[in-house]
1. Does A:ILE14 satisfy being within 21 Å of A:THR93 (Cβ to Cβ), modelled with pLDDT of 95 or more and part of a strand (DSSP E or B)?
2. For the stretch A:213-239, name all the residues that are more than 20 Å from A:ASP134 (Cβ to Cβ) and either in a strand (DSSP E or B) or open to solvent by 50 Å² or more (accessible area, probe 1.4 Å) (or both).
3. Is there a residue being surrounded by 14 or more Cβ atoms within 10 Å (Cβ to Cβ), more than 14 Å from every other protein chain (Cβ to nearest Cβ), touching a Leu at 6+ places or on another chain (Cβ under 6 Å) and more than 23 Å from A:ALA291 (Cβ to Cβ) anywhere in the stretch A:84-101?
4. Can A:GLY135 be described as farther than 29 Å from A:PHE265 by Cβ, surrounded by 23 or more Cβ atoms within 10 Å (Cβ to Cβ) and over 20 Å from the mean Cα position of the chain (by Cα)?
5. Got a number for residues in the stretch A:4-22 being in contact with a strand residue (DSSP E or B) (Cβ under 9 Å, 6 or more places away or on another chain) and away from every other protein chain (no Cβ under 14 Å)?
6. Can you tell me which residue among A:LYS23, A:LYS84, A:LYS92 is touching a helix residue (DSSP H, G or I) at 6+ places or on another chain (Cβ under 6 Å), farther than 21 Å from B:THR12 by Cα and basic (Lys, Arg)?
7. Checking the conditions here, which among A:ASN196, A:ASN150, A:ASN170 is more than 14 Å from chain B (Cβ to nearest Cβ) and on the phi > 0 side of the Ramachandran plot?
8. Return yes or no: is A:VAL79 open to solvent by less than 60 Å² (accessible area, probe 1.4 Å) and either within 21 Å of the chain's Cα centre (by Cα) or within 14 Å of chain B (Cβ to nearest Cβ) (or both)?
Amino acid sequence: MYDLIIIGAGPAGITATVYAARKKMDFLVISGDIGGQAAWSGDIENYTGYQFITGPELASKFEEHMRKYGVAMKEPESVLDLKKVDDKVVVKTDKGQYESKTVIIASGKRSRELSVPGEKEFKNKGLTYCATCDGPLFAGRDVAVIGGGNSALDAVLQLMKIARRIYLINIVSHLTGDPVMIEKVHESEIVTVMNNARVLEITGDGMVSGIKVRCDGEEKALPVGGIFVEIGLIPNSHFATDIEKNALGEIKVDCHNRTNIPGIFAAGDVTDVPEKQIIIAAGEGSKASLAAFKYLNQRR
Amino acid sequence: MNKKVKVYSTPTCPFCIRAKQFLKESAVSFEDIDVSVNQEAAQEMIKRSGQMGVPVIDIEGELIVGFDKDKIKRSLGL
């Protein structure tokens, strides 16, 4: 039985790992990936100590720091279930089962899906959730970006350099991202902003060839060869069935990162902590690790 | 015998970076094809894999879509 299992290896999970290693706890990390959302970020200019660094670079710095301690790691592995049984926590994954005295859930968030017909069928077949990754494959095409916040605007700004025409499909009455970005989008001749527009269906034959939208009460079929979904994030908290969450599905924690179940802690974007920032997630990860350490000491 | 490995990638995609890092750590030499600048290779990748996500890893003609570490290991016998 481990002292601690850390679920997730983004900024929160990795920082928890560093602290756990320095406290010489006997622990295991279980994660689907390394770096989490930080690895998907573009340019980062608000992580103290780095005036400028890209997401992938910062993520690899985190990983390097963690690896220095030679941590036990299961990756890629997905947690399916988590139960407190007597004094231990039983963690079930797609590959095995592990027991630990404490757990830190730092599983982060993932892209929200549209939930419309055609979305699953055309995923990676013209429909993508990562403009940063797959954007360059859509050079010279007509594309649609779904969303109206910063991530959607960021996708439009990237695609403006390579796409032929961009439809920005926004469900509310105005764009909600940073004014600097909105201005650039409005100035572009190849971008058509559609407000009050709801996606009805993704269409195609093998690959995406169009999107059906209801805009101002009127149904429109737009011929596009690419669709970028940028409509926000949802927490990866589905496996934590016994743990208290808020209406958004975020795990509720107190200021010591404790959940409603003793011995189970949570940190970072998967929690209801205000503001989702890399530096906050990292700080929360260290707090959670120290809280788990104290919890173990009180029981020795 | 060493298998011929190609990685279709973009410079900004984290899973491409991870995949290439993994191959390097495993001492597997590979050809890195940047589909963000090579349109011909991009079209070839889309046609062969039937999808538009990167990375696509070609191991001696066997295509692996995404950074699927277990599949890569199996295919390379690591």
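1. Numbers: within 21 Å of A:THR93 (Cβ to Cβ): yes; modelled with pLDDT of 95 or more: yes; part of a strand (DSSP E or B): no.
No: the conditions fail for A:ILE14.
2. Applying the first criterion (more than 20 Å from A:ASP134 (Cβ to Cβ)) to the stretch A:213-239 yields A:213-221, A:234-239.
A:VAL213, A:ARG214, A:CYS215, A:ASP216, A:GLY217, A:GLU218, A:GLU219, A:LYS220, A:ALA221, A:ILE234, A:PRO235, A:HIS238 - these are the residues of the stretch A:213-239 that are more than 20 Å from A:ASP134 (Cβ to Cβ) and either in a strand (DSSP E or B) or open to solvent by 50 Å² or more (accessible area, probe 1.4 Å) (or both).
3. Yes.
4. Details: farther than 29 Å from A:PHE265 by Cβ: yes; surrounded by 23 or more Cβ atoms within 10 Å (Cβ to Cβ): yes; over 20 Å from the mean Cα position of the chain (by Cα): no.
For A:GLY135, the condition - farther than 29 Å from A:PHE265 by Cβ, surrounded by 23 or more Cβ atoms within 10 Å (Cβ to Cβ) and over 20 Å from the mean Cα position of the chain (by Cα) - is not met.
5. Count: 12.
6. Working: A:LYS84 fails: touching a helix residue (DSSP H, G or I) at 6+ places or on another chain (Cβ under 6 Å); A:LYS92 fails: touching a helix residue (DSSP H, G or I) at 6+ places or on another chain (Cβ under 6 Å).
After applying the criteria, what remains is A:LYS23.
7. Working: A:ASN150 fails: on the phi > 0 side of the Ramachandran plot; A:ASN170 fails: on the phi > 0 side of the Ramachandran plot.
Residue meeting the stated conditions: A:ASN196.
8. Working: open to solvent by less than 60 Å² (accessible area, probe 1.4 Å): yes; either within 21 Å of the chain's Cα centre (by Cα) or within 14 Å of chain B (Cβ to nearest Cβ) (or both): yes.
Against the criterion (open to solvent by less than 60 Å² (accessible area, probe 1.4 Å) and either within 21 Å of the chain's Cα centre (by Cα) or within 14 Å of chain B (Cβ to nearest Cβ) (or both)), A:VAL79 qualifies.
The values are calculated or read from the model by the stated rules, or taken from the named source; none is laboratory data. None of the values given here were measured: they were computed from a predicted structure. Virtual Cβ from ideal backbone geometry, glycine too; neighbours counted across all protein chains shown. Only protein heavy atoms, including side chains, enter the accessible area calculation; ligands, DNA and RNA are left aside. Shrake-Rupley method; radii C 1.70, N 1.55, O 1.52, S 1.80 Å.
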